[in-house]
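> Dropping a structure here in structure tokens format, bear with me for questions.
What follows is calculated from the coordinates using simple rules that are stated; it is not laboratory data. What you see is a predicted model; the values in this text were computed from it and never measured. Please note: Cβ atoms are built from the backbone with ideal geometry, for glycine as well, and neighbour counts cover all protein chains shown.
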Amino acid sequence: MSRQSLSVKISLLLLFLVSSFFGISQKNSPWKKLSNQTISGVYFGLGRHTYSLTNGQGFSVYLKNYSDAAVTVSGKVVAKTICGNEVTTNFSTTLLTNQESSGGNFADSSNSQTGVVTADNCVGKKYFISPKVAVTNRIQDVFLRDIQVQSLGSTSETTTTAPTVNVITPETKKVPKIILPNISTPKQPTINLDSIKYALINDSIQKLNKRVDSINSINFSIKQALDAANKKYADSIAKRASLLVVPEKKIIKSFDYTLSPYIGIGWEQLPIITNDKDTALSANSTTGHPLITAGLKFSFFNNSPFTLQVDPFASYGFNIGSVTGTHWAYGGLVTLLGNLNHAGNLRAFIEGGGIGRNGTWSKNVTEGIKKTAQIGDYQYGLWRFGAGIKYQWGNGWYIKPGVFWDNVSTFTSGSSPAILGDVKLLMGGKWILDISYGSNYFTNSAILYTPNYKKVNENYLGIKLLYNIKTFSIN
């Protein structure tokens with residue numbers, strides 16, 4: 001086996017190992033052989049990256065001296081970009097007989113057989129090498145310029161100048177057989193690991209192309225997995241954020257309103273005055289009774305900064321146990337809401353309306369052998385005015401606290417106005433919990449036995465659980 005053949009095989013092996021390493025770390029841009037020629041016994045082989053790496057797209061010239069004497073080879077390697085400009089690297093290399101030079105590295109452009117076209121030189125043109133992998137090409141062609149081959153081994157120095165070479169179609173040239181001198185310890189050229197990958201050997205390029213296809217397939221699978229994971233994460237974040245962000249409101253068309261019928265149950269503690277004709281006593285007391293309620297809520301201009309609501313309602317209560325009685329409440333409230341922030345989820349409101357109350361209450365009391373009957377009938381109307389805030393979040397959730405002033409329309413017992421606190425909580429767009437409380441709430445029924453009457457303060461408490469049957473919306 002000749003030393004030339006051995007050298008080529010060693011170069012192939014090193015090329016395969018180093019190319020495998022650099023192919024993975026630099027995204028596997030294969031090397032493409034462009035053209036070759038021989039000038040004064042020196043072989044010139046041009047090549048470039050198929051597409052750009054992270055730091056640019058490389059190009060190079062491979063040299064080998066087949067002449068009988070040592071030579072100095074100099075010139076320029078020129079890359080013509082697809083943008084129309086040129087990128088040039090100068091080189092000057094001394095080669096012994098049968099010595100090769102695969103090129104220098106990209107770091108020193110002052111004397112190197114390799115150059116690089118960066119994004120600053122030419123933006124390049126993108127194309128796809130797989131369904132989801134795009135690469136960039138910046139180089140149109142590579143050629144030589146101002147080539148000089150100077151012989152160093154003969155008595156008379158010969159300088160040969162070659163014209164500019166611009167060959168696109170690869171040229172197949174038979175390398176002449178070289179008979180090497182019988183040297184016991186031949187000197188092997190130093191191989192630069194960064195440049196050996198540029199050797200123009202078709203077998204190695206084919207292996208690299210196979211590795212490119214394999215890596216691209218793996219990258220495509222990894223990208224699909226990452227896309228699926230990112231989508232799942234984004235969906236999770238969006239679901240959590242929906243609990244804190246007010247849903248986007250409808251665009252106002254002309255006149256937007258809704259109608260929501262509702263029903264509910266509750267408990268009410270209402271201050272009353274009882275009169276006992278057998279003992280001629282009048283006293284403050286309370287009636288505690290369950291109730292059922294129903295109503296309609298009309299809501300106008302829902303998508304504007306101000307919303308108007310009208311809420312007519314009626315409720316019926318009844319006593320149980322030893323007390324008998326019925327209790328009616330009916331009326332209507334009007335509410336005006338206005339936005340306090342841009343999102344419209346924080347609003348202030350004012351509210352006013354009228355409420356009518358009438359009821360009967362009786363209780364038989366036995367003291368020893370004596371039986372008495374206590375009666376607490378009432379009938380009056382009141383005006384209610386108040387204000388508060390409403391905070392909405394998520395889909396169908398809000399809290400609406402307020403303070404109200406209840407004032408009876410006709411006083412029959414010297415009653416004075418009362419302050420009432422109320423809070424409403426909407427849950428899931430369907431259920432509303434309504435709690436009202438007033439300390440020292442008035443009574444407004446007849447005091448039949450004034451001389452023996454002593455006023456005692458009583459409190460009002462109302463708890464209701466309401467259900468929105470359905471919301472009808474008309475634009």
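> Scaled to the compact-protein estimate 2.2 N^0.38 Å, what is the alpha-carbon radius of gyration of segment 283-373, rounded to two decimal places?
On the way: Rg = 20.8 Å, N = 91, 2.2 N^0.38 = 12.2 Å.
My calculation over the Cα atoms of segment 283-373 gives 1.70.
> Using the basic label-point model (7 angstrom from Cα toward the beta carbon), what is the Lys223 to Ala314 distance in nanometres?
7.0
> Next question, about the same structure. Taking the alpha-carbon centroid of each part, what is the distance from segment 260-289 to segment 321-345 in angstrom?
Measuring centre to centre over Cα atoms gives 20 Å.
> Tell me, rounded to the nearest percent, the portion of alpha carbon pairs in segment 257-474 spaced more than 27 Å apart.
Result: 38 percent of Cα pairs exceed 27 Å.
> Still on this structure: From the cross-link list Lys297/Lys430; Lys277/Lys371; Lys64/Lys207, which pairs have alpha carbons spaced over 19 Å apart?
From Lys297/Lys430; Lys277/Lys371; Lys64/Lys207, over 19 Å: Lys64/Lys207.
> Something else now. Label Leu340 and Tyr437 with points 7 Å out from Cα along Cα→Cβ: what is the distance between them in nm?
Here the answer is 2.1 nm between the modelled labels.
> Report, in whole Å, the centroid distance computed from the Cα atoms of segment 65-91 and segment 365-396.
Cα centres, segment 65-91 to segment 365-396: 103 Å.
> Follow-up question, since we're still on this one. So who's got an amide H within less than 5 Å of the one on Gln99, skipping anything under 5 residues away but keeping other chains? H placed 1.01 Å off N, in plane.
When sequence neighbours closer than 5 places are left aside, the close amide H contacts are Asn65.
> Starting with the highest mean, order 446-453, 135-142 by the number of other Cβ atoms within 10 Å, averaged over the residues of each peptide.
135-142, 446-453
> Putting +1 on Lys and Arg Cβ atoms and -1 on Asp and Glu Cβ atoms, find which of Thr450, Ser473, Ser260 reaches farthest to the positive end of the dipole of segment 257-474.
Value: Ser473.
> Quickly rank 220-229, 284-293 as a protection proxy: mean count of other C-beta atoms within 10 Å, highest first.
My ranking of the peptides, most packed first, is 284-293, 220-229.
> What ³J(HN,Hα) values, in whole Hz, does the Karplus curve 6.51 cos²θ - 1.76 cosθ + 1.60 give for segment 301-314 when θ = phi - 60°, with x put for Gly and Pro?
Each residue's phi maps through the Karplus curve to give 6, 5, 9, 9, x, 10, 10, 10, 10, 10, 10, x, 8, 8 Hz.
> Another question, then. Provide the FRET efficiency to the nearest 0.05 for the Ala70-Gln140 pair, computing r from the beta carbons and using R0 = 22 Å.
For R0 = 22 Å, the calculated efficiency reads 0.05.
> Measure off 7 Å from each Cα along the Cα-to-Cβ vector at Thr360 and Asp377, then give the distance between these two points in nanometres to one decimal.
Distance between the two pseudo-spin positions: 0.8 nm.
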